2 protein chains.
Amino acid sequence: MDYFPAALENLVEQFARLPGVGRKSAQRLAFFILDQSEQEAKAFADAILDAKASIGCCPVCQNLTEGEGECPICASSRRDHSVICVVTDPKDVVAMERSREYQGVYHVLHGVISPMNHVGPDDLRIRQLIERVAAGGVEEVVMATNPDTEGETTALYLSRLLKPLGVKTTRLAYGIPVGGQLEYADDATLMRAMEGRREI
Amino acid sequence: MDYFPAALENLVEQFARLPGVGRKSAQRLAFFILDQSEQEAKAFADAILDAKASIGCCPVCQNLTEGEGECPICASSRRDHSVICVVTDPKDVVAMERSREYQGVYHVLHGVISPMNHVGPDDLRIRQLIERVAAGGVEEVVMATNPDTEGETTALYLSRLLKPLGVKTTRLAYGIPVGGQLEYADDATLMRAMEGRREI
């Protein structure tokens, strides 16, 4: 016997499909929606439909963007289009932009090479990157994939593809994070920090 | 500067308004929606609108129900309509029904008296309960509010209102939970369990 009304049960199931949301949390979220005004619930539903309908990928850098054309970063004449920073995910672009240091453009792979999860090079936006570099005007490609095994593998794979095109490929520096404490840094990080030491 | 497209930012904000969902989780959920098919996203949005549009309160027991009329429990002739179990929340009805023990009907208060949160008796469905009991045919009202201060206060308040109507008011038994371990039971529970001991 089903004790929740069908429409409520359906909403609970929809919430339970979200990542990290279990059945109990889904119930709490569904009841929260019921407690909201008609208007608030509609705003939520509309936000889902709008985002899905209006957000696509920039044809150049593959980052998420609104509408059909190039994203604001690719379209900007103030950015240095000769440097491409390769990231895994649109969220990484946001993180990089937050630092306000980088003036070049991006390329979003939408994933990393991961044989364990059946993700091969063809599942990522690698072809688009190669075409972009082959089209000329690019001097440097900075790999900013995550510093884990899959990120490293992807960066290495890309650099081997890009080298023959006569472009410089670099990697973000490793080291101890700013504001971190030396005693909490792991061995691998300390080793990399030592390797990359600089004269002051 | 806003690095997410506006429609995505809006969706993130909508998710962040949900209880227990922070900005980071909201981003994860929003990206999950973007990764879904058009159809799946639509099903989610529709579930929200449907639930909001079709779910109302049963005019008798105030439990959530679909459509305008009485809920299936109130409409059932197999339930004992002379016993009303008073619960705080529609979720508690589901919990009680799961036990398959109770054959009476319910009354959902939609909250507890809580001066700290500015919830007084008039904010709950207490008037409807009194009217229901005053209309006659009710022999017993079982208080099944939560065993915390606010639940106790509400139960006590209700029993004082109901006593003059000549109806028996009872309270769910306290004691050690089935399957629990004595050593982990708190003092108050053990004391209540001792008070309520029975001959075997």
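The values are calculated or read from the model by the stated rules, or taken from the named source; none is laboratory data. None of these values were measured; they are calculated from a predicted model. Ideal geometry is used to build each Cβ from the backbone, glycine not excepted, and the neighbour counts take in all protein chains shown. Side chains included, ligands, DNA and RNA excluded: accessible areas come from the protein's heavy atoms. Shrake-Rupley method; radii C 1.70, N 1.55, O 1.52, S 1.80 Å.
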Legend entry - Per-copy distances of the A:GLY69 label point, shortest first, in nm (7 angstrom along Cα→Cβ): 5.8
Inset, instruction - For the range A:78-173, give the magnitude of the charge dipole about the Cα centre (Cβ charges: +1 Lys/Arg, -1 Asp/Glu; no others), in debye to the nearest 20. - result: 280 debye
Legend entry - Compactness of the range A:61-190, expressed as Rg and Dmax over alpha-carbon positions, Å: 15.4, 49
Legend entry - Mean projected area in nm² (Cα convex hull; one quarter of hull surface) for the range A:96-150: 4.7 nm²
Inset, instruction - Rounded to the nearest 100 Å², what's the accessible area chains A and B bury against each other, both chains counted, probe 1.4 Å? - result: 4700 Å²
Inset, instruction - May I ask you to list, by number, the DSSP H helices of chain A whose Cα span along the axis is at least 24 Å and whose average Kyte-Doolittle hydropathy reaches 1.6 or more? - result: none
Inset, instruction - In nm, give the distance between the simple-model label positions of B:HIS81 and B:CYS57, each being 7 Å from the Cα along the Cα-to-Cβ direction. - result: 2.1 nm
Inset, instruction - Considering the options A:ILE113, A:VAL94, A:VAL138, tell which one lies farthest towards the positive end of the dipole of the range A:78-173, charges being +1 on Lys and Arg and -1 on Asp and Glu at the Cβ, about the Cα centre. - result: A:VAL138
Legend entry - Theoretical gain in end-to-end length, B:VAL94 to B:ASP123 [0.36 nm per residue, Cα-Cα removed]: 8.2 nm
Legend entry - chain B, helix-only ellipticity at 222 nm - DSSP H runs n ≥ 4, -39,500 (n - 2.57), divided by all residues, nearest 500: -13000 deg cm²/dmol
Legend entry - Cβ charges +1 (Lys, Arg) and -1 (Asp, Glu), total dipole of the protein assembly as shown, debye: 240 debye
Legend entry - Largest-first principal axis extents of the Cα set of the protein assembly as shown (Å): 92, 49, 38
Legend entry - Relative contact order %, the range A:101-200, counting alpha carbon pairs below 8 Å whose residues are six or more apart: 21 percent
Inset, instruction - Could you pull out every residue, at least 5 positions away or on a different chain, whose amide H is within less than 5 Å of the one on B:ARG79? Hs are placed 1.01 Å off N in the peptide plane, and Pro or chain starts have none. - result: none
Inset, instruction - Could you tell me the accessible area of A:LYS24 in Å² (1.4 Å probe, neighbours in place), rounded to the nearest ten? - result: 150 Å²
Legend entry - Using a Förster distance of 35 Å, the FRET efficiency for A:TYR102-B:ALA16 (Cβ separation, nearest 0.05): 0.85
Legend entry - the range A:56-106: GluC sites (Glu not before Pro) in DSSP coil with no more than 13 other Cβ atoms inside 10 Å: A:GLU68, A:GLU101
Inset, instruction - Find the relative contact order for chain A and round it to a whole percent, using C-alpha pairs within less than 8 Å whose residues are 6+ positions apart. - result: 13 percent
Inset, instruction - Read phi for every residue in the range A:178-184 and hand back ³J(HN,Hα) as whole Hz from Karplus 6.51 cos²θ - 1.76 cosθ + 1.60, θ = phi - 60°, with x for Gly and Pro. - result: 4, x, x, 10, 4, 5, 9
Inset, instruction - Only residues of the range B:95-126 count here: report those whose backbone N is under 17 Å from the spot 7 Å along Cα→Cβ of B:ASP148, or say none. - result: B:109-120
